Amino acid sequence: MDAVAERAGASKATIYRWWPSKELLALDALFSEWAPGPEDRHDTGSLAGDLLSLIRPWARQLAAKPYGRVIAALVTRAQSDPEFAEAYRTRFVEPRRGEARIIFARAIDRGEIPADTDVEVALDILYGPFYHRILHGHAKVTDRFTRAVVEYVTAAVSRPAEQA
């Protein structure tokens, strides 16, 4: 917070008035840098193309330091601070899930995936592997990994429900 105050040319008290914690400051910084764009920017005409268009830039940011560590710290904080958890879900998680919901809805409209697709589960399957990697640090988030996740998600939701 000291560095932020110095860089902003403001007092620490001013910074704390706007952001009562460093996590809220980090959350606002992420939100402004990673704000969702126009709804049609991911319309490539296919579910796989749309998901890759959405996920690839996000995954590349996750792989860049310090984003992965910052998000891991925010997820950790959300586990012990219900007020922060709500802000984190509202400002960071939900905008990403919202963009992906639009993509899945278009795929349903095109007949590419079944109308009864459980989109919330599909979203968890899409985003879960990335969080798993940044939280456990056992492997890097790479373009190859990103493409594989999108391929698996697309294959999973493209099957009729009784086959999945």
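The values are calculated or read from the model by the stated rules, or taken from the named source; none is laboratory data. Remember, it's a predicted structure, so these values are computed and weren't measured experimentally. We place every Cβ from the backbone using ideal geometry, glycine too, and count neighbours over all the protein chains shown.
Can you tell me which condition residue 86 does not meet? The list is (1) free of Cβ contacts under 8 Å to residues at least 60 places away in the same chain; (2) closer than 23 Å to residue 53 by Cα; (3) not in a loop (DSSP other than H, G, I, E, B), and all the others hold. Only one criterion in (1) free of Cβ contacts under 8 Å to residues at least 60 places away in the same chain; (2) closer than 23 Å to residue 53 by Cα; (3) not in a loop (DSSP other than H, G, I, E, B) is unmet by residue 86, namely (2). Contact map, the stretch 143-164: residues that are on the phi < 0 side of the Ramachandran plot paired with residues that are hydroxyl-bearing (Ser, Thr, Tyr) and at pLDDT 95 or above, Cβ distance under 7 Å, separation 6+ or inter-chain. Pairs shown: 157/117.
Restricted to the stretch 70-103, and to residues there that are of a type in the set (Ser, Thr, Tyr) and loosely packed, with under 15 Cβ neighbours inside 10 Å, the residue that is farthest from residue 126 (Cα to Cα) is 80. Looking at the structure I just gave you, is residue 106 buried (at least 16 other Cβ atoms within 10 Å of the Cβ), charged (D, E, K, R) and over 14 Å from the mean Cα position of the chain (by Cα)? For residue 106, the condition - buried (at least 16 other Cβ atoms within 10 Å of the Cβ), charged (D, E, K, R) and over 14 Å from the mean Cα position of the chain (by Cα) - is met.
Among the criteria (1) at pLDDT 90 or above; (2) loosely packed, with under 15 Cβ neighbours inside 10 Å; (3) within 22 Å of residue 151 (Cα to Cα), the one residue 41 does not fulfil is (1).
Residue count for the stretch 51-87, restricted to those that are hydroxyl-bearing (Ser, Thr, Tyr) and farther than 19 Å from residue 129 by Cα: 1. Taking the criterion of being small (Gly, Ala, Ser) and over 22 Å from residue 151 (Cα atoms), the residues of the stretch 82-120 that qualify are 85, 87.
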